[in-house]
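Working notes for the structure below.
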Amino acid sequence: MKILKFGGSSIENPERIRQVINIIEQQPEQVSVVFSAFGGVTDQLIQCSLHALAGNPVYESILSKLSDRHFSAVRELIPVSNQSGVLAQVKIQFNALEDVLHGVFLVKERTARTLDYIMSFGERISAYIISEAMNASGIATEYLDARQVIRTDDQFGSAQVDFEITNRNIADYFNKHSKIQVVTGFIASSETGETTTLGRSGSDYTAAILAGALQTDSLEIWTDVDGILTANPNLVKKAFTIPELSYEEAMELSHFGAKVIFPSTMRPAMGSNIPIWIKNTFNPEARGTRISSNSANGKMIKGITSIDSISLLNIQGSGMVGVVGVSMRLFAALAKERINVILISQASSEHSICLAVERAQATRARKALEKEFYHELNSKQIDSIEQDDDSGIIAVVGDGMKHHSGTSGRMFSALGKNGINVVAIAQGSSERNISAVIATKDISKALSALHDAFFLSRTKTIHLYLAGTGLIGRTLLDQIRQQHQVLSVENNIEIRIVGITNTRTMVLNEEGVPVESALECVEKNGRPSDLKVFTEAIHKFNLPNSIFIDCTASEKVSELYGDLLTVNIAVVTPNKKANSASFEQYTQLRKIMRDHDVKFLYETNVCAGLPVINTLTDLLLSGDTVQRIEAVLSGTLNYIFSSFTEGKKFSDVVMEAKKLGYTEPDPRDDLSGMDVARKMLILARETGLPLELSDIQVESLIPENCQGNLSIDEFLQRLKEADVSFEQLRNEAESKNQKLRYRALLEDGKISVGLTAVDSTHPFYSLSGSDNIIRFITKRYSDRPMVIRGPGAGAEVTAAGVFADLIRIGNNIR
């Protein structure tokens with residue numbers, strides 16, 4: 001024999017009740033079934049009583065709707081020929097309920113005893129209707145009011161079961177009745193015959209009491225999920241069903257917020273070693289979760305759970321050190337106020353004790369402690385009793401922790417990498433649970449980070465925000481699309497794009513936008529762009545493993561980096577504005593990186609996708625010293641001077657480069673040399689030089705006659721007037737078998753940027769097209785300098801460099 005229990009969501013309407021009856025009918029062995037009230041009815045009964053207590057006649061309309069709902073269920077579930085008797089019985093019950101509520105309305109009093117009686121009608125009526133519906137469908141049943149067999153004390157609202165009498169009553173009753181028993185959940189009776197209720201999840205408890213008394217083969221709790229999940233699916237989208245749990249693991253998970261099953265349910269079954277199954281009414285084929293004495297399945301962690309609405313109380317002071325009885329007084333004071341302590345943590349120094357309580361009880365708890373330790377507070381033996389109402393608890397649970405080292409290391413590493421501060425820690429000697437107190441706002445982020453760390457350790461989910469959908473941004477999205485499946489299958493990296501913004505529109509979706517149509521989403525379905533709203537959403541989402549990619553050239557966007565890094569959101573960018581701003585800002589960003597252990601990668605600031613910054617960093621970290629850096633850092637200017645050959649005019653070459661897309665929309669941005677100066681400034685700062693942009697000697701290629709507030713067309717027209725002077729420079733270089741190159745030079749702590757001529761022995765001589773080249777002369781590379789050469793511009797290589805930085809961060813996620 002086994003006991004089945006169906007909750008309110010399983011029997012919310014006639015259609016679901018028919019599904020439940022079908023499940024019962026297909027059981028291969030003898031069963032008895034426990035039912036809750038129809039979905040939402042208990043809450044409505046409480047609401048009715050509150051309105052009646054307040055003298056508000058609106059309770060009558062709520063009661064009328066409740067009765068209509070139950071009468072309607074009878075009419076849908078039971079043939080017309082059998083309805084009259086059932087309707088009459090249901091009417092009698094509602095008349096009795098109406099009388100009680102009217103009494104509350106008149107005397108303006110509602111005791112705990114009265115409330116229990118009012119709430120009992122939900123289960124009494126639902127179980128009766130379902131029993132008659134089962135009889136009508138050919139399944140022989142008997143209706144059992146649990147008040148006949150379950151005996152409790154008179155602690156109304158959460159009565160304690162007298163198991164000796166209850167077990168005897170249940171055994172005697174079932175020995176005399178062979179039909180399927182349809183039992184009311186949640187309710188019982190006191191020794192004097194008064195109606196009591198069994199408290200939170202009372203119907204589950206009823207089923208467990210029956211199972212324990214009858215020593216059944218199993219107990220099945222049917223609900224609306226496929227079992228107990230590894231985490232709350234509303235907070236962790238990748239949560240999945242746990243196939244096996246031990247009683248102790250299930251106890252820990254239920255204590256810390258897993259609402260599918262409660263500790264009281266497990267005690268009677270646990271005492272008789274009866275397996276408990278958590279099944280899904282709406283997916284009966286699913287295996288569900290089995291809870292038993294032995295659940296070893298090789299998993300170190302079984303679940304991750306949380307409690308929010310927690311307050312933390314911290315008591316500290318030198319007068320507590322070595323003093324016997326402080327903890328005893330603390331717990332006695334709280335017990336006197338009937339305040340439950342959820343978590344306690346004390347340092348070995350005995351200087352402080354912190355404890356977690358429900359937020360609703362926090363102020364009362366603090367006042368009780370202040371009263372208890374009044375003299376110690378006055379004499380400053382205890383400094384203060386602090387109350388923090390913005391806390392929650394997360395916990396990882398699993399019997400396997402006791403056999404594995406490194407669990408806490410993995411847990412706190414995952415939290416730390418995502419910028420989640422741990423305020424207090426607790427772990428029992430059973431090593432079955434590690435709990436941590438964190439800020440409420442970080443609970444969802446923490447659960448996701450821990451779930452990835454313990455259950456999806458091979459899969460690393462990156463939450464991506466992209467600013468800029470110009471040429472580089474578009475190309476990056478296309479590269480991500482092309483590699484998305486490969487990264488997932490071969491590298492276990494899943495990229496979830498949760499936000500895209502440009503100067504016109506933006507899209508934000510915590511669940512992620514489709515990678516295949518990300519650009520279309522922002523262009524066709526986006527809302528007006530607002531950088532402030534975009535960044536506020538990033539903070540609100542508070543997703544783990546978040547990366548912000550800036551593919552703009554905007555100074556305004558670059559000013560966001562510090563704020564993002566502070567909340568442990570990594571930044572990847574080809575935008576040079578932040579690193580070439582003031583040296584103070586440059587150093588501040590690096591301090592934030594160190595303080596928060598967060599990545600800020602900008603390989604593409606210099607030479608697009610070429611490995612310049614990483615190479616320089618590796619040289620310096622390995623103890624090498626830079627003596628000189630010489631480079632051609634503008635693919636645009638190198639194209640111009642490589643193409644500026646005999647028979648071509650300088651202005652025509654500039655026009656050609658603009659048409660090919662090599663220059664900025666305004667070629668003066670390239671010809672000014674400031675872009676090259678910014679790149680060399682970044683390299684100089686990477687070597688440790690505290691230089692500013694104003695320290696750099698920059699030779700502009702914009703002729704004097706082209707200065708001033710000119711339109712682009714006016715500038716290009718006037719540039720023709722300088723063709724002769726540029727021709728003279730080229731001729732002079734060619735006469736010496738040299739070529740013109742726009743070079744950046746770092747030497748003796750100074751930077752110069754300008755046009756120079758190099759001969760055939762110089763590595764820059766053979767440079768062609770839009771290539772960049774950089775030459776490092778260091779202590780180790782002095783005789784034969786290190787040279788890096790390749791495409792230094794172009795959307796494909798720049799986006800590829802950004803993508804590489806993105807993957808680099810993904811590979812380091814733990």
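Here is how the numbers come out for the structure above:
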read-out: Selection from Asn705, Ser391, Ala449 lying farthest towards where the dipole of the chain points positive, charges on Cβ; value: Ala449
read-out: Summed side-chain charge close to Leu740 - residues other than Leu740 whose Cβ falls under 10 Å, Lys, Arg +1, Asp, Glu -1; value: +2
read-out: Stokes-Einstein diffusion coefficient of segment 546-621, Kirkwood radius over Cα pairs, 20 °C, 1.002 mPa s, in µm²/s; value: 169 µm²/s
read-out: Qualifying trypsin sites (Lys or Arg not before Pro) in segment 330-388, DSSP loop, other Cβ atoms within 10 Å at most 10; value: Arg338
read-out: Volume per residue of the C-alpha convex hull in segment 592-676, rounded to whole Å³; value: 143 Å³
read-out: Potential lengthening between Phe331 and Thr111 on full extension [0.36 nm per residue; Cα-Cα distance subtracted]; value: 76.3 nm
read-out: Among Ser345, Ala365, Ser408 - extreme Cα towards positive end, dipole of segment 343-443, charges at beta-carbon; value: Ser408
read-out: Paramagnetic reach from Gln89 (point 7 Å along Cα→Cβ, amide N under 12 Å) across segment 130-158; value: 130-136, 141-145
read-out: Peptides ranked, highest mean first, by Cβ atoms within 10 Å: ranges 709-718, 771-780, 505-514; value: 771-780, 505-514, 709-718
read-out: Residues whose placed amide H lies under 5 Å from that of Asp383, excluding near-sequence neighbours; value: Gln316, Gly317, Ser318
read-out: Dimensions (Å) - segment 671-788, Cα atoms, principal axes, largest first; value: 49, 35, 22
read-out: Cα-Cα over 31 Å, subset of Lys65/Lys176; Lys302/Lys460; Lys649/Lys736; Lys371/Lys417; Lys65/Lys540; value: Lys65/Lys176; Lys371/Lys417; Lys65/Lys540
read-out: Bridge type composition, the chain - antiparallel percent by DSSP, nearest 5; value: 60 percent
read-out: For Lys279, distant residues with modelled amide H under 5 Å away; value: Ile221, Trp222, Thr223
read-out: Where the Cα pairs of the chain fall when distances are cut into 20 Å bins, in %; value: 13, 32, 28, 16, 10, 1
read-out: Percentage, to the nearest whole number, of Cα pairs in segment 81-171 over 22 Å apart; value: 44 percent
read-out: For the chain, size of Cβ-based charge dipole, Lys and Arg +1, Asp and Glu -1, in debye; value: 740 debye
read-out: Segment 494-601: translational diffusion in µm²/s, Stokes-Einstein, Kirkwood Rh over Cα pairs, 10 °C, 1.306 mPa s; value: 110 µm²/s
read-out: Loop trypsin sites (Lys or Arg not before Pro), segment 550-654, which have at most 15 other Cβ atoms in a 10 Å radius of their Cβ (DSSP); value: Lys648
read-out: Largest-first principal axis extents, alpha carbons of segment 122-182, Å; value: 39, 28, 10
read-out: Modelled FRET efficiency - R0 25 Å, Lys179 with Asn82, Cβ distances, 0.05 increments; value: 0.90
read-out: Convex hull volume per residue for segment 39-193, taking Cα atoms only, in Å³; value: 110 Å³
read-out: Ranked packing of 161-170, 116-125, most packed first, by mean Cβ within 10 Å; value: 116-125, 161-170
read-out: Total formal charge among the other residues, if their Cβ is under 14 angstrom from that of Asn709, Lys/Arg +1 and Asp/Glu -1; value: -1
read-out: Restraint check, Lys336/Lys380; Lys532/Lys556; Lys556/Lys659; Lys658/Lys739; Lys237/Lys299, Cα-Cα greater than 18 Å; value: Lys336/Lys380; Lys556/Lys659; Lys658/Lys739; Lys237/Lys299
read-out: Distance between modelled label sites at Thr761 and Glu656, nm, 7 Å Cα→Cβ extension; value: 3.1 nm
read-out: Whole-Hz couplings from phi, Karplus 6.51/-1.76/1.60, listed for segment 664-677; x for Gly and Pro; value: 5, x, 10, x, 4, 4, 7, 5, 5, x, 5, 5, 5, 4
read-out: Calculated P(r) of segment 485-541 - Cα pairs past 19 Å, %; value: 33 percent
read-out: Accessible solvent surface per residue of the chain, calculated while the other protein chains remain in place, 1.4 angstrom probe, Å²; value: 44 Å²
read-out: Calculated from backbone phi, Karplus (6.51, -1.76, 1.60) coupling profile of segment 273-279 in Hz, x at Gly/Pro; value: 6, 9, x, 10, 10, 9, 10
read-out: Per principal axis, descending, Cα span of segment 61-123 in whole Å; value: 42, 20, 14
read-out: Formal net charge of residues neighbouring Ser311 (Cβ-Cβ distance under 12 Å; K, R +1; D, E -1); value: -3
read-out: Within the accessible area of the chain (1.4 Å probe), percent carbon and sulfur; value: 47 percent
read-out: From phi via Karplus (6.51, -1.76, 1.60), per-residue ³J(HN,Hα) for segment 408-414 in Hz, x at Gly/Pro; value: 5, x, 5, 4, 6, 5, 4
read-out: Amide H contacts of Leu144 (H built 1.01 Å from N, under 5 Å, at least 5 apart or other chain); value: Val182, Val183, Thr184
read-out: The chain - mean residue ellipticity at 222 nm from DSSP helices (-39,500 (n - 2.57) per run, n ≥ 4, rounded to 500); value: -13000 deg cm²/dmol
read-out: When the convex hull of its Cα atoms is projected in every direction, mean area for segment 176-217 (nm²); value: 3.8 nm²
read-out: Unit charges at the beta carbon, dipole of the chain: most positive-side option, Ala722, Ser254, Thr535; value: Ser254
read-out: Convex hull per residue volume in Å³, alpha carbons only, for segment 370-500; value: 156 Å³
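The values are calculated or read from the model by the stated rules, or taken from the named source; none is laboratory data. Given the structure is predicted, the values throughout are model-derived calculations rather than measurements. Neighbour counts run over all protein chains shown; Cβ positions are idealised from the backbone, glycine included. Accessible surface areas use protein heavy atoms only, side chains included; no ligands, DNA or RNA. Shrake-Rupley method; radii C 1.70, N 1.55, O 1.52, S 1.80 Å.
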